[in-house]
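The values are calculated or read from the model by the stated rules, or taken from the named source; none is laboratory data. Here the structure is a predicted model, which means the values were calculated and not measured. FYI the Cβ positions are ideal-geometry reconstructions off the backbone, even for glycines, and counts take in every protein chain you see.
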């Protein structure tokens with residue numbers, strides 16, 4: 001059967017955008033504070049997943065909700081399963097939006113809203129790619145499942161549960177990254193470094209708060225301090241703002257001086273794309289004679305971690321010829337006078353090093369400041385050989401539809417559900433040289449790119465499951 005995939009995708013554009021608008025309107029940030037037995041990760045992620053399933057039921061697919069934390073849309077039958085793994089949850093919106101992050105706005109050929117790029121827009125494009133097959137009467141030679149998780153941006157609880165109760169798919173891809181194709185993902189390890197709560201009297205750090213998630217570069221930071229000379233301290237802060245790539249403000253309160261810094265949020269897989277407001281705030285505070293654990297917390301951030309996404313200062317830097325550089329993101333930083341300080345660091349590491357080596361370097365740095373380090377989680381490196389048929393097929397479809405014959409499969413620091421399958425790769429939907437706004441304010445995706453991705457997904461599913 002000959003199908004004009006690009007034309008067919010264009011025919012679906014109006015319906016696709018209508019469905020996407022419904023998905024974006026659901027605030028599907030994981031919400032543990034309001035979790036219940038019915039909504040184990042909060043109401044939003046489940047509702048967004050169920051919305052995906054409702055589209056599948058509407059269009060005549062088999063759907064399955066597994067314990068309100070993961071679900072799938074299924075087409076075809078057979079001993080083998082081709083899976084597309086996507087997610088319905090989103091990152092917290094954060095500050096700096098020019099539109100309502102949970103109301104899709106279409107302007108200048110783009111759709112704006114949290115999830116348009118990561119991952120509701122691409123996931124829905126993959127769904128419509130599957131819908132093309134069904135609507136064309138094409139029967140695959142195997143089972144196809146679009147699996148929708150509900151907390152990819154945190155602990156992967158839903159998708160991990162899927163693999164506990166369902167067989168591992170034979171092969172597949174995750175529409176949650178970029179084109180042309182990602183066949184390797186770095187290891188992903190997260191640590192927390194803890195400090196005490198002691199303080200000084202002349203300079204007192206009362207609170208310090210920066211960061212929303214481990215896998216985001218913090219876009220803002222706040223601290224409350226008491227100092228001996230308020231005027232000189234405020235003048236120093238104003239001068240610091242002028243000399244660095246940040247904005248901010250300072251004000252006197254009944255409890256002390258409140259400092260605020262605005263940097264730039266970004267995805268943790270490449271911290272250089274952001275400006276870490278938290279470590280910049282620590283850099284400023286480090287110029288003053290704070291004492292005790294408060295000073296140790298500040299020094300750790302300012303001297304060992306600030307502006308060093310390759311972890312050279314602590315000695316953890318490593319480069320692999322295939323998988324590239326180790327990267328470090330300082331994601332969450334907190335201090336108060338009762339609980340003490342904590343710093344969460346997230347590392348994306350290539351072959352040739354591992355989580356235990358990184359832990360040793362972190363602990364060595366923390367030891368000098370009476371800090372303790374604990375590993376929170378770790379995922380090993382993932383790599384699918386470029387000669388695997390899934391890589392060959394997907395690259396062929398991408399090249400045929402785009403004419404881009406120069407791009408090659410890539411290894412990245414981002415982590416996708418694809419790594420849960422031995423033969424899993426990440427595939428789209430961000431095109432080369434397109435602006436990446438994942439995890440940032442004013443997240444958007446060009447409509448033309450989403451429709452182009454839909455066409456690529458449709459042909460890819462066809463090639464993988466019917467030949």
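Things to note:
- When the residues of region 413-436 are filtered to those that are under 19 Å from residue 264 (Cβ atoms) and under 15 Å from the mean Cα position of the chain (by Cα), the one that is modelled with the highest pLDDT is 430.
- Flag: residue 71 does not match the condition of being touching a strand residue (DSSP E or B) at 6+ places or on another chain (Cβ under 7 Å), in the same structural domain as residue 449 (by TED's automatic domain parsing), at pLDDT 95 or above and part of a helix (DSSP H, G or I).
- Residues of region 398-427 satisfying the condition of being surrounded by 15 or more Cβ atoms within 10 Å (Cβ to Cβ), farther than 22 Å from residue 168 by Cα and touching a helix residue (DSSP H, G or I) at 6+ places or on another chain (Cβ under 7 Å): 398, 401, 409
- Of all residues in region 156-177, those that are at pLDDT 95 or above and part of a strand (DSSP E or B) total 4.
- Criterion applied to 245, 218, 289 was being outside the structural domain of residue 94 (by TED's automatic domain parsing) and out of contact with any strand residue (DSSP E or B) (no Cβ under 9 Å at 6 or more places or on another chain), and the one residue passing it is 289.
- Whenever a residue of region 394-407 is free of Cβ contacts under 8 Å to residues at least 12 places away in the same chain, its partners that are surrounded by 13 or more Cβ atoms within 10 Å (Cβ to Cβ), lying with C-beta atoms within less than 6 angstrom and at least six residues away or across chains, give the pairs 405/399.
- Residue in region 57-68 that is modelled with pLDDT of 95 or more, within 20 Å of the chain's Cα centre (by Cα) and not in a loop (DSSP other than H, G, I, E, B) present: no
- Residue check, residue 323 on the phi < 0 side of the Ramachandran plot, in contact with a helix residue (DSSP H, G or I) (Cβ under 7 Å, 6 or more places away or on another chain) and crowded, with 20+ Cβ neighbours inside 10 Å: no
- A single member of 91, 84 is at pLDDT below 95 and on the phi < 0 side of the Ramachandran plot, and it is 91.
- In the set 109, 121, only one residue is touching a strand residue (DSSP E or B) at 6+ places or on another chain (Cβ under 9 Å), crowded, with 17+ Cβ neighbours inside 10 Å and either modelled with pLDDT under 95 or assigned by TED's automatic domain parsing to the domain that holds residue 30 (or both); that residue is 121.
- Residue that is under 20 Å from residue 165 (Cα atoms) and free of Cβ contacts under 8 Å to residues at least 60 places away in the same chain, where the choices are 32, 37, 67: 37
- Boolean, residue 205 is closer than 30 Å to residue 436 by Cα and buried (at least 19 other Cβ atoms within 10 Å of the Cβ): no
- Considering region 178-200, and only residues there that are outside any strand (DSSP E or B) and more than 17 Å from the chain's Cα centre (by Cα), the residue that is surrounded by the most Cβ atoms within 10 Å (Cβ to Cβ) turns out to be 181.
- Check on residue 439, under 30 Å from residue 339 (Cβ atoms), surrounded by 22 or more Cβ atoms within 10 Å (Cβ to Cβ) and within 20 Å of the chain's Cα centre (by Cα): yes
- Complete set of residues in region 109-150 that are assigned to a strand (DSSP E or B), out of contact with any helix residue (DSSP H, G or I) (no Cβ under 8 Å at 6 or more places or on another chain) and under 14 Å from residue 23 (Cβ atoms): 112
- Any hit, region 269-279, residues being modelled with pLDDT of 95 or more and in a strand (DSSP E or B): yes
- The sole residue among 153, 106, 98 that is over 25 Å from residue 80 (Cβ atoms) and in a strand (DSSP E or B) is 106.
- Residue-level check: of (1) surrounded by fewer than 24 Cβ atoms within 10 Å (Cβ to Cβ); (2) at pLDDT below 95, residue 233 misses just (2).
- Within region 243-257, being in a strand (DSSP E or B), more than 35 Å from the chain's Cα centre (by Cα) and exposed (fewer than 10 other Cβ atoms within 10 Å of the Cβ) holds for one residue alone: 253.
- For region 23-46, the set of residues classified as assigned to a helix (DSSP H, G or I) and either at positive phi or crowded, with 17+ Cβ neighbours inside 10 Å (or both) consists of 23, 24, 43, 44, 45, 46, listed by residue number.
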